[in-house]
Amino acid sequence: MSNTPQAILLMGPTASGKTGLALELARHFPVEIISVDSALVYRDMDIGSAKPSQEEMAGCPHHLIDIISPLQSYSAAQFHADANRLIADIQARGKLPLLVGGTMLYYKALLEGLSDLPQADAALRAELDAQAAELGWPAMHAKLAALDPITAARLNPNDSQRIHRALEVCLISGKPMSELIAQGKEAAASFRFLPLALVPRERAWLHERIAQRFRIMLEQGFLDEVTQLRAKYPELHLNLPSMRCVGYRQAWEHQDGLYGYDEFIERGIAATRQLAKRQLTWTRSLDVIPVDAQQDGLSGMLVSAVSAFQAGDSCPDDLRYAGDF
(Lines give C-alpha, C1' and ligand atoms only; values in the text may rest on other atoms or scores of the structure.)
Protein backbone atom coordinates (compact mmCIF):
# COMPACT_ATOMS: atom_id res chain seq x y z
CA MET A 1 0.00 0.00 0.00
CA SER A 2 1.05 3.57 -0.64
CA ASN A 3 2.08 5.73 2.30
CA THR A 4 0.11 8.63 0.80
CA PRO A 5 -2.36 9.92 3.43
CA GLN A 6 -5.89 8.59 2.92
CA ALA A 7 -9.20 10.36 3.44
CA ILE A 8 -12.87 9.53 2.86
CA LEU A 9 -15.13 12.11 1.24
CA LEU A 10 -18.87 11.77 1.87
CA MET A 11 -20.71 14.44 -0.07
CA GLY A 12 -24.22 14.94 -1.36
CA PRO A 13 -27.16 17.33 -1.44
CA THR A 14 -28.78 18.65 1.69
CA ALA A 15 -31.05 16.15 3.51
CA SER A 16 -29.59 13.14 1.66
CA GLY A 17 -28.50 11.38 4.89
CA LYS A 18 -24.82 12.31 5.13
CA THR A 19 -24.72 12.88 8.89
CA GLY A 20 -26.31 9.55 9.79
CA LEU A 21 -24.05 7.60 7.46
CA ALA A 22 -20.96 9.42 8.75
CA LEU A 23 -21.85 8.50 12.31
CA GLU A 24 -22.36 4.90 11.23
CA LEU A 25 -18.88 4.86 9.67
CA ALA A 26 -17.54 6.30 12.93
CA ARG A 27 -18.85 3.19 14.72
CA HIS A 28 -16.72 0.96 12.48
CA PHE A 29 -13.54 2.97 11.90
CA PRO A 30 -11.33 5.26 14.03
CA VAL A 31 -12.39 8.38 12.15
CA GLU A 32 -12.25 12.07 12.86
CA ILE A 33 -14.85 14.08 10.97
CA ILE A 34 -14.00 17.26 9.06
CA SER A 35 -17.06 19.32 8.19
CA VAL A 36 -17.28 20.40 4.55
CA ASP A 37 -20.13 22.84 5.06
CA SER A 38 -20.00 26.60 4.66
CA ALA A 39 -22.84 27.07 7.18
CA LEU A 40 -21.48 24.90 10.01
CA VAL A 41 -18.43 27.14 10.44
CA TYR A 42 -20.63 29.79 12.09
CA ARG A 43 -21.21 29.90 15.82
CA ASP A 44 -24.80 30.31 17.07
CA MET A 45 -26.26 29.06 13.78
CA ASP A 46 -27.26 25.58 14.85
CA ILE A 47 -30.85 24.79 13.92
CA GLY A 48 -31.05 26.39 10.49
CA SER A 49 -27.75 24.85 9.42
CA ALA A 50 -28.78 21.35 10.60
CA LYS A 51 -25.63 21.25 12.70
CA PRO A 52 -24.96 17.88 14.35
CA SER A 53 -26.05 17.83 17.99
CA GLN A 54 -23.63 17.66 20.88
CA GLU A 55 -24.72 14.05 21.40
CA GLU A 56 -23.97 13.21 17.76
CA MET A 57 -20.57 14.89 17.94
CA ALA A 58 -19.66 13.17 21.21
CA GLY A 59 -18.88 9.88 19.48
CA CYS A 60 -15.82 11.13 17.59
CA PRO A 61 -13.90 14.39 17.11
CA HIS A 62 -15.40 16.94 14.71
CA HIS A 63 -13.50 19.76 13.03
CA LEU A 64 -14.35 23.06 11.26
CA ILE A 65 -17.60 23.53 13.19
CA ASP A 66 -18.27 26.72 15.21
CA ILE A 67 -14.97 28.31 14.22
CA ILE A 68 -16.04 31.88 13.29
CA SER A 69 -18.65 34.51 14.11
CA PRO A 70 -21.61 35.11 11.77
CA LEU A 71 -20.04 38.52 11.14
CA GLN A 72 -16.97 36.94 9.55
CA SER A 73 -16.39 35.18 6.24
CA TYR A 74 -14.71 31.90 5.34
CA SER A 75 -13.42 31.16 1.87
CA ALA A 76 -12.68 28.07 -0.19
CA ALA A 77 -9.00 28.97 0.09
CA GLN A 78 -9.23 28.98 3.89
CA PHE A 79 -11.03 25.65 3.83
CA HIS A 80 -8.41 24.20 1.49
CA ALA A 81 -5.61 25.17 3.87
CA ASP A 82 -7.47 24.05 7.01
CA ALA A 83 -8.63 20.73 5.55
CA ASN A 84 -5.19 19.79 4.20
CA ARG A 85 -3.64 20.55 7.58
CA LEU A 86 -6.32 18.56 9.44
CA ILE A 87 -6.07 15.57 7.11
CA ALA A 88 -2.33 15.36 7.73
CA ASP A 89 -2.78 15.81 11.51
CA ILE A 90 -5.52 13.16 11.75
CA GLN A 91 -3.49 10.73 9.69
CA ALA A 92 -0.47 11.34 11.95
CA ARG A 93 -2.64 10.38 14.95
CA GLY A 94 -3.36 7.04 13.31
CA LYS A 95 -6.97 8.00 12.56
CA LEU A 96 -8.93 8.12 9.30
CA PRO A 97 -10.07 11.56 8.09
CA LEU A 98 -13.75 11.55 7.07
CA LEU A 99 -14.84 14.72 5.28
CA VAL A 100 -18.61 15.20 5.34
CA GLY A 101 -20.83 17.94 3.95
CA GLY A 102 -22.46 19.52 0.95
CA THR A 103 -20.41 22.58 0.04
CA MET A 104 -19.26 21.36 -3.35
CA LEU A 105 -16.90 24.27 -4.01
CA TYR A 106 -14.85 23.06 -1.04
CA TYR A 107 -14.72 19.53 -2.46
CA LYS A 108 -13.68 20.92 -5.83
CA ALA A 109 -10.81 22.75 -4.11
CA LEU A 110 -9.70 19.50 -2.43
CA LEU A 111 -9.98 17.31 -5.51
CA GLU A 112 -8.69 19.74 -8.12
CA GLY A 113 -6.57 22.15 -6.11
CA LEU A 114 -6.79 25.92 -5.97
CA SER A 115 -5.43 27.92 -8.83
CA ASP A 116 -3.50 31.09 -8.10
CA LEU A 117 -5.76 33.30 -10.19
CA PRO A 118 -5.33 37.07 -9.99
CA GLN A 119 -7.86 39.29 -8.27
CA ALA A 120 -10.35 41.26 -10.35
CA ASP A 121 -9.20 44.62 -11.73
CA ALA A 122 -11.97 47.23 -11.90
CA ALA A 123 -10.36 49.32 -14.67
CA LEU A 124 -9.72 46.29 -16.86
CA ARG A 125 -13.25 45.00 -16.24
CA ALA A 126 -14.68 48.32 -17.43
CA GLU A 127 -12.47 48.22 -20.52
CA LEU A 128 -13.57 44.65 -21.37
CA ASP A 129 -17.22 45.59 -20.82
CA ALA A 130 -16.84 48.51 -23.25
CA GLN A 131 -15.24 46.25 -25.86
CA ALA A 132 -17.99 43.68 -25.45
CA ALA A 133 -20.67 46.33 -25.85
CA GLU A 134 -19.08 47.38 -29.14
CA LEU A 135 -18.06 44.00 -30.56
CA GLY A 136 -20.35 41.46 -28.88
CA TRP A 137 -19.42 38.42 -26.79
CA PRO A 138 -18.75 36.05 -29.72
CA ALA A 139 -16.00 38.45 -30.81
CA MET A 140 -14.64 38.55 -27.25
CA HIS A 141 -14.71 34.75 -27.29
CA ALA A 142 -12.55 34.87 -30.44
CA LYS A 143 -10.09 37.14 -28.61
CA LEU A 144 -9.96 34.60 -25.78
CA ALA A 145 -9.34 31.77 -28.27
CA ALA A 146 -6.21 33.58 -29.44
CA LEU A 147 -4.92 33.92 -25.86
CA ASP A 148 -6.19 30.69 -24.27
CA PRO A 149 -7.59 28.21 -26.81
CA ILE A 150 -8.09 25.49 -24.18
CA THR A 151 -10.40 27.62 -22.04
CA ALA A 152 -12.17 29.09 -25.06
CA ALA A 153 -12.93 25.60 -26.38
CA ARG A 154 -14.99 24.72 -23.30
CA LEU A 155 -16.95 28.00 -23.18
CA ASN A 156 -20.05 28.98 -25.10
CA PRO A 157 -19.36 32.09 -27.25
CA ASN A 158 -22.16 33.89 -25.41
CA ASP A 159 -21.06 32.92 -21.88
CA SER A 160 -20.24 36.52 -21.01
CA GLN A 161 -19.32 36.01 -17.35
CA ARG A 162 -16.79 33.23 -17.91
CA ILE A 163 -15.31 34.76 -21.06
CA HIS A 164 -14.91 38.03 -19.17
CA ARG A 165 -13.09 36.36 -16.28
CA ALA A 166 -10.85 34.25 -18.54
CA LEU A 167 -9.80 37.31 -20.55
CA GLU A 168 -9.15 39.22 -17.36
CA VAL A 169 -6.94 36.44 -15.98
CA CYS A 170 -4.97 36.20 -19.23
CA LEU A 171 -4.38 39.93 -19.47
CA ILE A 172 -3.41 40.43 -15.80
CA SER A 173 -1.22 37.36 -15.38
CA GLY A 174 0.20 37.11 -18.87
CA LYS A 175 -0.63 33.38 -18.78
CA PRO A 176 -3.62 31.37 -20.05
CA MET A 177 -6.15 30.63 -17.32
CA SER A 178 -6.03 26.94 -18.34
CA GLU A 179 -2.32 26.87 -17.47
CA LEU A 180 -2.91 28.37 -14.01
CA ILE A 181 -5.75 25.92 -13.34
CA ALA A 182 -3.56 22.98 -14.40
CA GLN A 183 -0.90 24.11 -11.94
CA GLY A 184 -3.53 24.12 -9.17
CA LYS A 185 -4.59 20.58 -10.05
CA GLU A 186 -1.00 19.37 -9.81
CA ALA A 187 -0.92 20.67 -6.24
CA ALA A 188 -4.03 18.65 -5.33
CA ALA A 189 -2.42 15.22 -5.49
CA SER A 190 -1.01 15.09 -1.96
CA PHE A 191 -3.78 12.81 -0.58
CA ARG A 192 -5.53 9.65 -1.72
CA PHE A 193 -9.29 10.13 -1.55
CA LEU A 194 -12.30 7.83 -1.66
CA PRO A 195 -14.84 10.35 -3.03
CA LEU A 196 -18.36 9.06 -2.31
CA ALA A 197 -21.31 11.17 -3.47
CA LEU A 198 -24.84 10.41 -2.26
CA VAL A 199 -27.39 10.99 -5.01
CA PRO A 200 -31.18 10.46 -4.91
CA ARG A 201 -32.63 7.87 -7.26
CA GLU A 202 -35.91 9.80 -7.08
CA ARG A 203 -35.95 13.58 -6.81
CA ALA A 204 -39.34 13.45 -5.05
CA TRP A 205 -37.73 11.43 -2.23
CA LEU A 206 -35.20 14.20 -1.61
CA HIS A 207 -37.83 16.94 -1.88
CA GLU A 208 -39.96 15.27 0.77
CA ARG A 209 -36.99 14.93 3.11
CA ILE A 210 -36.14 18.60 2.61
CA ALA A 211 -39.69 19.70 3.44
CA GLN A 212 -39.86 17.41 6.46
CA ARG A 213 -36.53 18.64 7.83
CA PHE A 214 -37.47 22.29 7.34
CA ARG A 215 -40.64 21.80 9.36
CA ILE A 216 -38.67 19.99 12.08
CA MET A 217 -36.31 22.97 12.25
CA LEU A 218 -39.28 25.24 12.83
CA GLU A 219 -40.49 22.98 15.65
CA GLN A 220 -36.99 23.13 17.15
CA GLY A 221 -37.12 26.93 17.27
CA PHE A 222 -35.45 28.12 14.07
CA LEU A 223 -37.22 31.48 14.07
CA ASP A 224 -36.22 32.05 17.70
CA GLU A 225 -32.63 31.27 16.71
CA VAL A 226 -32.73 33.99 14.04
CA THR A 227 -34.21 36.45 16.55
CA GLN A 228 -31.39 35.67 18.98
CA LEU A 229 -28.78 36.05 16.25
CA ARG A 230 -30.04 39.50 15.35
CA ALA A 231 -30.02 40.53 19.01
CA LYS A 232 -26.56 39.13 19.76
CA TYR A 233 -24.95 40.53 16.61
CA PRO A 234 -26.40 44.02 15.95
CA GLU A 235 -24.03 44.47 13.00
CA LEU A 236 -25.49 41.45 11.24
CA HIS A 237 -27.11 42.16 7.85
CA LEU A 238 -28.46 40.21 4.91
CA ASN A 239 -25.45 40.80 2.66
CA LEU A 240 -23.08 38.91 4.95
CA PRO A 241 -22.17 35.36 3.82
CA SER A 242 -23.69 33.86 6.97
CA MET A 243 -27.11 35.27 6.17
CA ARG A 244 -26.95 33.96 2.63
CA CYS A 245 -27.15 30.45 4.08
CA VAL A 246 -30.37 28.85 2.92
CA GLY A 247 -33.33 29.48 5.26
CA TYR A 248 -31.76 32.34 7.19
CA ARG A 249 -32.52 35.00 4.58
CA GLN A 250 -36.13 33.82 4.31
CA ALA A 251 -36.53 33.83 8.10
CA TRP A 252 -35.05 37.35 8.33
CA GLU A 253 -37.34 38.70 5.61
CA HIS A 254 -40.36 37.07 7.26
CA GLN A 255 -39.46 38.70 10.56
CA ASP A 256 -39.19 42.03 8.77
CA GLY A 257 -42.74 41.60 7.49
CA LEU A 258 -41.95 41.04 3.82
CA TYR A 259 -44.24 38.01 3.78
CA GLY A 260 -46.30 35.87 6.12
CA TYR A 261 -45.53 32.62 7.92
CA ASP A 262 -46.95 30.24 5.31
CA GLU A 263 -45.10 31.99 2.49
CA PHE A 264 -41.93 31.92 4.57
CA ILE A 265 -42.21 28.13 4.82
CA GLU A 266 -42.81 27.82 1.08
CA ARG A 267 -39.86 30.08 0.27
CA GLY A 268 -37.58 28.30 2.73
CA ILE A 269 -38.36 24.86 1.33
CA ALA A 270 -38.08 26.12 -2.27
CA ALA A 271 -34.69 27.72 -1.55
CA THR A 272 -33.45 24.50 0.02
CA ARG A 273 -34.59 22.50 -3.01
CA GLN A 274 -32.76 24.92 -5.28
CA LEU A 275 -29.64 24.45 -3.16
CA ALA A 276 -29.95 20.67 -3.56
CA LYS A 277 -30.30 21.08 -7.32
CA ARG A 278 -27.10 23.16 -7.44
CA GLN A 279 -25.29 20.61 -5.28
CA LEU A 280 -26.23 17.81 -7.67
CA THR A 281 -25.08 19.89 -10.63
CA TRP A 282 -21.71 20.36 -8.91
CA THR A 283 -21.55 16.64 -8.16
CA ARG A 284 -21.90 15.76 -11.84
CA SER A 285 -18.88 17.95 -12.61
CA LEU A 286 -16.59 16.22 -10.10
CA ASP A 287 -14.68 12.94 -10.41
CA VAL A 288 -16.59 11.04 -7.72
CA ILE A 289 -18.28 7.68 -7.09
CA PRO A 290 -22.06 8.27 -7.18
CA VAL A 291 -23.96 6.23 -4.60
CA ASP A 292 -27.72 5.68 -4.49
CA ALA A 293 -28.79 7.43 -1.29
CA GLN A 294 -32.02 5.38 -1.21
CA GLN A 295 -30.34 1.98 -1.51
CA ASP A 296 -31.22 -0.68 1.07
CA GLY A 297 -28.29 -1.66 3.26
CA LEU A 298 -26.31 1.41 2.21
CA SER A 299 -24.44 1.84 5.49
CA GLY A 300 -23.07 -1.71 5.30
CA MET A 301 -22.02 -1.17 1.70
CA LEU A 302 -20.16 2.00 2.64
CA VAL A 303 -18.37 0.16 5.44
CA SER A 304 -17.24 -2.45 2.89
CA ALA A 305 -16.11 0.24 0.46
CA VAL A 306 -14.03 2.01 3.13
CA SER A 307 -12.47 -1.30 4.19
CA ALA A 308 -11.52 -2.04 0.59
CA PHE A 309 -10.10 1.45 0.17
CA GLN A 310 -7.94 1.10 3.26
CA ALA A 311 -6.63 -2.22 1.94
CA GLY A 312 -5.69 -0.60 -1.35
CA ASP A 313 -8.46 -2.32 -3.31
CA SER A 314 -10.89 -0.71 -5.74
CA CYS A 315 -14.38 0.37 -4.78
CA PRO A 316 -16.95 -2.47 -5.02
CA ASP A 317 -18.77 -2.29 -8.36
CA ASP A 318 -22.20 -2.76 -6.79
CA LEU A 319 -21.84 0.48 -4.84
CA ARG A 320 -21.58 2.76 -7.88
CA TYR A 321 -24.95 4.17 -8.99
CA ALA A 322 -25.32 3.91 -12.77
CA GLY A 323 -28.53 5.94 -13.17
CA ASP A 324 -29.11 9.60 -13.94
CA PHE A 325 -29.22 12.19 -11.17
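Taking 41 Å as R0, compute the FRET efficiency from the Cβ-Cβ separation of HIS28 and ARG244 and round it to 0.05.
Efficiency, rounded to the nearest 0.05: 0.70.
Which whole number in µm²/s is D for segment 146-251 by Stokes-Einstein, with the Kirkwood Rh taken over Cα pairs at 10 °C and 1.306 mPa s?
Calculated translational D: 84 µm²/s.
How many percent of the accessible area of the chain is carbon or sulfur, using a 1.4 Å probe?
Here carbon and sulfur together make up 49 percent of the probe-accessible area.
Using Cα positions and a limit of under 17 Å, work out the lysines in reach of LYS175, with same-chain residues fewer than 8 apart set aside.
By straight Cα distance, LYS175 reaches LYS143, LYS185.
Roughly what % of DSSP beta bridges within the chain run antiparallel, to the nearest 5?
Within the chain, antiparallel bridges account for around 5 percent of the total.
More than 16 angstrom separation, counting every C-alpha pair in segment 8-99; what % is that?
54
Please give the calculated 222 nm ellipticity per residue for the chain, where each DSSP H segment of at least 4 residues contributes -39500 (n - 2.57) and the sum is spread over every residue; nearest 500 deg cm²/dmol?
-16000 deg cm²/dmol
Roughly how compact is segment 73-174, stated as its Cα Rg over 2.2 N^0.38 Å to two decimals?
1.44
Could you give the accessible area per residue of the chain, probe 1.4 Å, as a whole number in Å²?
49
Between ARG203 and SER285, what FRET efficiency comes out of the Förster formula 1/(1 + (r/R0)^6) with R0 = 22 Å and r the beta carbon distance, rounded to 0.05?
0.75
Rounded, prolate or oblate: which fits segment 109-155, taking a ≥ b ≥ c as square roots of the Cα gyration tensor eigenvalues, rounded meaning a/c under 1.5, else prolate when a/b beats b/c?
Because a/c hits 1.5 or more and a/b fails to exceed b/c, segment 109-155 counts as oblate.
Which one of GLY260, GLN6, ILE87 has its Cα pushed farthest toward the positive end of the charge dipole of the chain, where Lys and Arg give +1 and Asp and Glu give -1 at the Cβ?
Of the candidates, GLN6 comes out farthest on the positive side.
Give me the base-10 log of I(q)/I(0) for the chain at each q in 0.07, 0.08, 0.12, 0.16 Å⁻¹, Debye formula, one uniform scatterer per Cα, rounded to two decimals.
After summing over all Cα pairs, the log10 values are -0.34, -0.44, -0.97, -1.37.
Past the 23 Å Cα-Cα mark, which pairs from LYS95/LYS277; LYS18/LYS277; LYS18/LYS95; LYS51/LYS277; LYS108/LYS277?
LYS95/LYS277
Hey, any idea what Rg/Rh is for segment 180-325, computing Rh the Kirkwood way over Cα pairs?
Taking Rg over the Kirkwood Rh, I get 1.08.
Could you work out the relative contact order of the chain? I mean the mean sequence separation of Cα pairs under 8 Å and 6+ apart, divided by the number of residues, in percent.
27
Using protein chains only and a probe of 1.4 angstrom, how many square angstrom of SER49 are accessible, to the nearest 10?
20
Where the centre of each part is set by its Cα atoms, how far does segment 266-325 sit from segment 88-137, in angstrom?
23
The values are calculated or read from the model by the stated rules, or taken from the named source; none is laboratory data. Since the model is a prediction, treat every value here as computed from it, not as a measurement. All Cβ positions, glycine included, derive from the backbone under ideal geometry; neighbour counts span all protein chains shown. Just so you know, the surface numbers come from the protein's heavy atoms only, side chains and all, with ligands and any DNA or RNA stripped out. Shrake-Rupley method; radii C 1.70, N 1.55, O 1.52, S 1.80 Å.
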